[in-house]
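The values are calculated or read from the model by the stated rules, or taken from the named source; none is laboratory data. On a predicted model such as this, the values are computed, not experimentally measured, just so you know. Virtual Cβ from ideal backbone geometry, glycine too; neighbours counted across all protein chains shown.
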């Protein structure tokens, strides 16, 4: 596959491009990761609304599986946008009732993905706006910092709290990241009301070399 990325000229706040996303492959081992092109990955706690955020972005409720059972998705799922661009749904972390050995395998797989996947251009870290920055969130952000990978924090389920509380959570999260020396952008998002969708599209367009 060629590494040359063709420019696709679309509006910065138009998600038409993401509506063509379709499932490509589920990978349980690093050797199964697609090579070449560019991709953006989504990570987050199992009940933070990661699948809903991806489905809202792509305007496809059935694209990324949603489940009431935390930790159900244990593979790295790749969705193709075009021949050169992909979205990646990483396994949900935290709260999953799985054996320690399986959690260790998850950590090994994530380390391999973040350190070795040359196509990866940025990581969207999904957090419930009411409970941001748990231990696993910090781990993902510290990995991004270590591997010099751009990170974007998506504070989801914003429809669950009032606007003032939304802003307070965002400001508090930004301060905590700054105090920790973590360089990551932060935004408010609601899959239900599509709050922040334009801002997310703008960020992804930049990472995926769309303009």
| query | Got at least one residue in the range 148-169 being over 21 Å from residue 93 (Cβ atoms), in contact with a strand residue (DSSP E or B) (Cβ under 7 Å, 6 or more places away or on another chain), assigned to a strand (DSSP E or B) and modelled with pLDDT of 95 or more? | reply | no
From the option list 103, 121, single residue qualifying as part of a helix (DSSP H, G or I) and surrounded by 14 or more Cβ atoms within 10 Å (Cβ to Cβ) is 103
Restricting the range 172-211 to residues that are assigned to a loop (DSSP other than H, G, I, E, B) and in contact with a strand residue (DSSP E or B) (Cβ under 6 Å, 6 or more places away or on another chain), the one surrounded by the fewest Cβ atoms within 10 Å (Cβ to Cβ) turns out to be 196
Exercise. Look at residue 64 and say whether it is buried (at least 16 other Cβ atoms within 10 Å of the Cβ) and modelled with pLDDT of 95 or more.
Key: no
Of the conditions (1) part of a strand (DSSP E or B); (2) at pLDDT below 95; (3) crowded, with 22+ Cβ neighbours inside 10 Å, the single one that residue 39 does not satisfy is (2)
